[in-house]
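A.B. asks: Supplied in structure tokens, the structure appears directly below.
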Amino acid sequence: MQPLVYTRRMCVPGEYLFVSAERINVSMKVKLIALDLDGTTLNSKNQLTERTRQALILAAEQGVEIVPVTGRCFKSLPPELLALDCIRYAVVSNGAEIRNAQNGEILYNHYIDPSGVQEIRRLLHKKELMVEVYVKGSAYMEHAFYEKVERSQISYRNRNYVLATRVPVRGVSQLLDVHRTRIEKVAVYFEAGS
């Protein structure tokens, strides 16, 4: 049986719509589908549509391993995605960790080298920037910036997504010292023109 493939066509710049499902002839069996999440697997509302959910289940029933591969930290993966029995693994934090998607166990890690973390800390000390530190499967941000997002004073991502997935802390850069051997990712956001 030929694999079922969903083809995409661009409708609006940056937005894709699944337009057809067809059987295609391929010479090798597809063994794994690595899924980006934001703007691809998830729709513009950060939701997994029923159509996409069914396509993932169908692919898994054909023996294909379905693996989310994302810049998101583990705890910000959509629960409806993790609820799918066919999602056994997840590559998170831009590849810093591979986790068992069902229980969160870390199967592989490649954290930022501690000397690199020290250099990041030194550079961040020079200027007040909005920083997210990913550690232990969560994304942390400075409390003052979190409050600005709450009050809609800054907007760098979907407000509700940020409020639901970021942990506000005082002294986010100190997390770099405390967890210097387990830093998954550091995201720095600059204001336009800086």
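The values are calculated or read from the model by the stated rules, or taken from the named source; none is laboratory data. Worth saying up front: this structure is predicted, and the values here are computed from it rather than measured. Reconstructed Cβ throughout: ideal geometry from the backbone, glycine too, with neighbour counts over all protein chains shown. For accessibility, only protein heavy atoms count, side chains too; no ligands or nucleic acids. Shrake-Rupley method; radii C 1.70, N 1.55, O 1.52, S 1.80 Å.
A.B. asks: Kindly report the accessible area of the range 49-125 per residue (heavy atoms of protein chains, probe 1.4 Å, no ligands, DNA or RNA), in Å². It would help to have the intermediate numbers written out before the result.
C.D. replies: On the way: 3960 Å² over 77 residues.
For the range 49-125, the solvent-accessible area averages 51 Å² per residue.
A.B. asks: Out of the total accessible area of the range 36-194 (probe 1.4 Å, heavy atoms of protein only), what percent is carbon and sulfur? Please list the in-between numbers first.
C.D. replies: On the way: 4250 of 8610 Å².
Roughly 49 percent of what the probe reaches on the range 36-194 is carbon or sulfur.
A.B. asks: Same structure again: Would you mind checking the pairs Lys45/Lys75; Lys75/Lys185; Lys75/Lys127 and listing those with alpha carbons more than 21 angstrom apart?
C.D. replies: Working: Lys45/Lys75 18 Å; Lys75/Lys185 14 Å; Lys75/Lys127 29 Å.
Check vs 21 Å cut-off fails for Lys75/Lys127.
A.B. asks: Just how large is the dipole of the range 73-194 about the Cα centre, in debye to the nearest 20, putting +1 at every Lys and Arg Cβ and -1 at every Asp and Glu Cβ? Intermediate values should be presented prior to the final figure.
C.D. replies: Numbers: 17 positive and 14 negative charges, 45 e Å.
Result for the range 73-194 is approximately 220 debye, rounded to the nearest 20.
A.B. asks: Separate question: Work out from phi, with θ = phi - 60° and the Karplus expression 6.51 cos²θ - 1.76 cosθ + 1.60, the ³J(HN,Hα) of each residue of the range 86-94, listed in order in whole Hz, and give x for Gly and Pro.
C.D. replies: Per residue, the Karplus-derived 3J(HN,Hα) values read 6, 8, 9, 9, 9, 9, 10, 6, 6 Hz.
A.B. asks: Another question, if that's okay. Starting from the Cα of Glu65, step 7 Å toward the Cβ, then list every residue of the range 76-93 with an amide N under 19 Å from that point.
C.D. replies: 82-93
A.B. asks: As I understand it, the dipole of the range 36-173 uses +1 on the Cβ of Lys and Arg and -1 on the Cβ of Asp and Glu, about the Cα centre. Which of Leu82, Tyr146, Gln47 lies farthest toward its positive end?
C.D. replies: Positive-end residue among those listed: Tyr146.
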